[in-house]
1. Which members of the range B:1-31 meet the condition of being part of a loop (DSSP other than H, G, I, E, B), at pLDDT 50 or above and within 29 Å of the chain's Cα centre (by Cα)?
2. Give me the residue from the range B:80-104 that is over 17 Å from residue B:34 (Cα atoms) and within 7 Å of chain A (Cβ to nearest Cβ) and, out of that set, surrounded by the most Cβ atoms within 10 Å (Cβ to Cβ).
3. Being charged (D, E, K, R), within 11 Å of another protein chain (Cβ to nearest Cβ) and within 23 Å of residue B:60 (Cβ to Cβ) is the filter here; which residues of the range B:111-137 pass it?
4. Can you work out which of the residues in the range B:240-261 that are farther than 20 Å from residue B:197 by Cα and in contact (Cβ under 8 Å) with a residue 12 or more places away in the chain is nearest to the chain's Cα centre (by Cα)?
5. Yes or no: residue B:107 crowded, with 24+ Cβ neighbours inside 10 Å, modelled with pLDDT of 90 or more, in the same structural domain as residue B:30 (by TED's automatic domain parsing) and aromatic (Phe, Trp, Tyr)?
6. Step by step: first the residues of the range B:54-83, then only those that are over 22 Å from the mean Cα position of the chain (by Cα) and of a type in the set (Ser, Thr, Tyr), then the one that is modelled with the lowest pLDDT. Which residue is that?
7. Could you go through the range B:201-220 and let me know if any residue there is at pLDDT 95 or above and of a type in the set (Asp, Glu).
Amino acid sequence: MPRRKPDSDWLFPDAAVPAQANDESSLLDVLDNVLNRGAVVEGDVVLGVANVDLIYLKLSVLLAAVDKAVTHDPVLKPVAAGPRQRPPRARAAAKKKSRR
Amino acid sequence: MRPRSSQARSPENVQNATYVFCLVQSGTVPSTRGVPPGVPGAGAVRLLPIDRGVWAVVADAPLTHFSGEALQQDMQDIETISRHALAHASVIEFFFRRAPVIPLKLFTLFSSDERARAHVHGRLPALKRLFAALRGHEEWGVRVVAGEAEAESARTASSGRDYLQVKKQLHDQSAAPSRAAVRTANGAIRSLGRLAVKTRHEKFPPAGRGRPYATGASFLVKASASRTWKAHASRLEAELAAQGHRLDVSGPWPPYHFVSK
């Protein structure tokens, strides 16, 4: 499946951005992933990171995205949890375009 | 790439620790051409051979930056953490697009290349089992917010009676989501789990006044079955949308949720 590559990040336009981190909600996902997951190998140093309540933050961003979609932009679907899969029709159109 | 000890690379008087992003399994030496710059303050991203077919993706981490107060201070600032997190994740993602990876946590530091190699080497049997379990699989994320669109249906109700009915429903739901909504949301996650190899549930704050029920999970899906899985997710998304719930899919992600004990 083609991965959507963002042009830049909302917070740090100059930074190299993971494909997933192209919106606020996904930045929180990335934070959660790299701070709280991936524990099979423990380094020599364990660093205490500021106590950020990502669970609440993620929910509020998720709800904000939903809210925006309902009230301001009924045509475009918001990206609430990482890049959404392109709907099949858009995918087909993109394919056609790239063939030209 | 020729491995070099972190100490050998450092300028005089600057001591380096070894920062590890992830482990990569590959039959040939993974290419670092075009790799993102790595975390702020650290050296260029390079490969540290661990064993046949296994590499650690590392960078020199000058202790002037990566130790003690300087770093602890950095860690109190969400913007700085985010900057490091994005840089860390983009390096992992670079390799994930090319070979199976085991992502490590942000700021996994060893005092030297030798320490890092010895530590990872000591866990090789378990790590190789993990690589074998991850090979040919993808991680996908799903979130469901129950009842979000019901407020909208109150606005578009066709008759006054409809309107009042929807309003009453909303009022009843303002303290707690309806059981049906919770059941639908949980049912969606469960049914996606049945098409996945593994499921990790995501915690959200409990529903309450002004806060709808939200749930989510990460799924480890066989790459060969991902088309079926995604089709099912799209069907559920439409089904739930018709009932006023919202389902979002993201992925594929590096297997962040499936590498810890």
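The values are calculated or read from the model by the stated rules, or taken from the named source; none is laboratory data. Not measured: the values here are computed from a predicted model. Virtual Cβ from ideal backbone geometry, glycine too; neighbours counted across all protein chains shown.
1. B:26, B:27, B:28, B:29, B:30, B:31
2. B:103
3. B:115, B:123
4. That would be B:247.
5. No: the conditions fail for residue B:107.
6. The extreme case among them is B:67.
7. Among the residues of the range B:201-220, not one is at pLDDT 95 or above and of a type in the set (Asp, Glu), which makes the answer no.
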